[in-house]
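One structure is given here, and the rest of the page talks about it.
Values in this text are rule-based calculations from the coordinates and carry no lab data. This is a predicted model, so every value here is computed, not measured. Glycine also receives a Cβ, built like all others from the backbone with ideal geometry; neighbour counts cover every protein chain displayed.
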Amino acid sequence: EPEVTQTPSHQVTQMGQEVILRCVPISNHLYFYWYRQILGQKVEFLVSFYNNEISEKSEIFDDQFSVERPDGSNFTLKIRSTKLEDSAMYFCASRQGAEVPLFFGPGTRLTVT
Amino acid sequence: KQEVTQIPAALSVPEGENLVLNCSFTDSAIYNLQWFRQDPGKGLTSLLLIQSSQREQTSGRLNASLDKSSGRSTLYIAASQPGDSATYLCAVRLFSGSARQLTFGSGTQLTVLP
């Protein structure tokens, strides 16, 4: 069964460093998302991406964040200058259309020290 | 702003019991509602998706119902097994052209004792 994959599974970085989290959505999906979950808290929406552009973003997704779909398969989230409070599990998700389930990847655990 | 609440926060049951997990949401103008399972340190696995026009969905031992007018959904698990132990999350998507994201509840942590 097709699945969303994410790399790395765990990333440790120092405050102020740039990180890129990578995702490969399911191949025939058209809508792509990033969510995050800080330990012990709810899963929160960051950004949605459709037709090669951001369709919606939350207040969390400030200028330090960017997303890119550099080719037909990868979808990346970049954090330019990480802060301690960026430590969280970051989930990539994709869906094929409007009325179908959203499928999540296994997540990347980001630890900022 | 849509708020999603799940009760109880944690539940422990002996194997074989039938159980119900609850989800409530404040804005009844939803597009759909999705139930997920999350194992510790893992991603989210989609269990059931209910469209706003539907009343329930079933998959194996799982049955999810939706009552939009009262802002509630339930996930019924029949004949629970230790392998069902996980956190169960519900998430709603608003009926809005611009709102494509899901709003999540905080989850119910289920433990099924052998």
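Here are the numbers:
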read-out: Scan of segment A:92-108 for residues that are part of a strand (DSSP E or B) and touching a Leu at 6+ places or on another chain (Cβ under 7 Å), ordered by number; value: A:Ala93, A:Arg95, A:Phe104, A:Thr108
read-out: Qualifying residue in segment A:61-68 (condition: free of Cβ contacts under 8 Å to residues at least 60 places away in the same chain, over 19 Å from B:Gln101 (Cβ atoms) and of a type in the set (A, V, I, L, M)); value: no
read-out: Residues of segment B:66-95 satisfying the condition of being more than 13 Å from every other protein chain (Cβ to nearest Cβ) and closer than 20 Å to A:Val100 by Cβ; value: B:Leu66, B:Lys68, B:Ser73, B:Leu75
read-out: Some residue of segment A:71-79 being within 14 Å of another protein chain (Cβ to nearest Cβ) and assigned to a loop (DSSP other than H, G, I, E, B); value: no
read-out: Test: B:Ser59 is within 10 Å of another protein chain (Cβ to nearest Cβ), of a type in the set (S, T, N, Q) and either under 13 Å from the mean Cα position of the chain (by Cα) or exposed (fewer than 13 other Cβ atoms within 10 Å of the Cβ) (or both); value: no
read-out: Residues that are closer than 16 Å to A:Lys78 by Cβ and in contact with a Cys (Cβ under 9 Å, 6 or more places away or on another chain), drawn from segment A:1-23; value: A:Gln6, A:Thr7, A:Leu21, A:Arg22, A:Cys23
read-out: Hey, B:Lys42 under 26 Å from A:Arg109 (Cα atoms) and of a type in the set (D, E, K, R) or not; value: yes
read-out: Restricting segment B:1-29 to residues that are more than 13 Å from chain A (Cβ to nearest Cβ) and among the β-branched types (Val, Ile, Thr), the residue that is nearest to A:Glu44 (Cα to Cα); value: B:Thr26
read-out: Among the candidates A:Ser94, A:Ser87, residue that is touching a residue at least 12 places away in the same chain (Cβ under 8 Å), touching a Cys at 6+ places or on another chain (Cβ under 9 Å), polar (S, T, N, Q) and under 28 Å from B:Val4 (Cα atoms); value: A:Ser94
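Okay, residues lined up against (1) closer than 26 Å to B:Gly41 by Cβ; (2) more than 10 Å from every other protein chain (Cβ to nearest Cβ):
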position: A:Gln14; (1), (2): yes, yes
position: A:Val43; (1), (2): yes, no
position: A:Glu53; (1), (2): no, yes
position: A:Glu85; (1), (2): yes, yes
position: A:Val100; (1), (2): no, no
position: A:Phe104; (1), (2): yes, no
